[in-house]
Amino acid sequence: MSASSTDRIIVTIEDGVADVRLNRADKMNALDPAMFDALIATGEQLKQTPDLRAVVLSGEGRAFCAGLDMESMAGMLGGAGGDPGIRPGRLAARVHGISNRPQYACMVWRELPVPVFAAVHGVAFGGGLQVALGADVRFVTADTKLSVMEIKWGLVPDMAGMVLTRGLVRPDLLRELVYTGRIVTGTEACELGLATRVVEDPRAAALEAARQVAQKNPHAIRAAKRLMEVVEGGDNAAILIAESVEQDKLVGSPNQREAVRANLEKRAPKFEA
């Protein structure tokens, strides 16, 4: 067994299975700059880990991931953002292949050569949901709450959500989720395609599935993941840049700042036409 940890993510590897746990329980594992860094660094480290067979991605405490840290949201009121990766006009820069930094925090899991199983409990909102979507398979509880929540903050999904939901959710249903930001349960998420299976204990189910995969021919498993990427493929680069271009237009704009301000002040927003 090997183990490593930061103040944001704990990793334990045993018999080829990496148990990756977001470790910011006091903030419901919200995404701050350090969490973005930890997700990317962990994913890149696992890419280079010999004899890796499968990965389980979960969150400590009450939730998988509550989305972008509130301090980062509040920072948008000043037009600067709390995270260098989400400042106005900066998202279109490609810094990780076809991805920008926030996108790569999700895409890195899809780019791992082995299956990734996400164990989702509590909530997976906004960017937190997109991190989970980076996994190959998502186990949830019936009462897990999930949301494409960016519209609440006057934004669009931009952490690879448009790539990662392709083929999972019927286009009209995805449009409704993106336009409304409504919260769905784990049960409905499975019906929609956002989640794979409802279980009582997502982490236990994910670990069991990962251990089963670890007993299969590793070359065949890696080949199967490569094949799935071809089957599900398309012009990922074009989709990722489109996410960033649209988000760059929105971040720091008057209506987007009003959406943030209204939510922080718990009042109805007053948008410009």
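FYI, it's all coordinate maths here, none of it is from the lab. Note that the coordinates shown come from a computational prediction; the quantities given were computed from them, not determined experimentally. Neighbour counts run over all protein chains shown; Cβ positions are idealised from the backbone, glycine included.
Expected output is a single nm value to one decimal: the length gained when fully extending between R211 and E44, i.e. 0.36 nm times separation in residues minus the C-alpha distance. What is it?
On the way: separation 167, 0.36 × 167 = 60.12 nm, distance 2.15 nm.
Answer, rounded to one decimal: 58.0 nm.
Using a simple charge model, +1 on the beta-carbon of Lys and Arg, -1 on the beta-carbon of Asp and Glu, nothing else, what dipole does the chain show about its Cα centre, in debye to the nearest 20?
Working: 32 positive and 34 negative charges, 46 e Å.
Roughly 220 debye, rounded to the nearest 20.
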With charges only on Cβ, +1 for K and R and -1 for D and E, what is the dipole size of region 1-67 about its Cα centre, in debye, rounded to 20? 180 debye
Given R₀ = 41 Å, what would the calculated FRET efficiency be for R222 paired with A74, taking r from the Cβ atoms and rounding to 0.05? 0.45
Ranking N236, P33, W109 by how far each Cα lies towards the positive end of the charge dipole of the chain (+1 on Lys and Arg Cβ, -1 on Asp and Glu Cβ), the top one is N236
With E111 itself left out, Lys, Arg at +1 and Asp, Glu at -1 over residues whose Cβ is under 14 Å from its Cβ give +1
Using the Kirkwood radius built from alpha carbon pairs, what does the Stokes-Einstein equation give as D for the chain at 4 °C and 1.567 mPa s, in µm² per second? 70 µm²/s
Of the listed links K145/K225; K152/K266; K47/K249; K27/K266; K145/K216; K47/K145, those spanning more than 23 angstrom between alpha carbons are K145/K225; K47/K249; K145/K216; K47/K145
Placing each pseudo-label 7 Å from Cα in the direction of the beta carbon, N255 and T187 end up separated by a distance in nanometres of 3.6 nm
By how many degrees, 0 to 90 and rounded to 10, does the Cα axis of helix 236-250 deviate from the longest principal axis of the chain? 30 degrees
Taking the Cα centre of region 116-235 as the origin and placing charges on Cβ (Lys, Arg +1; Asp, Glu -1), which of V120, A223, L207 is farthest toward the positive end of the dipole? A223
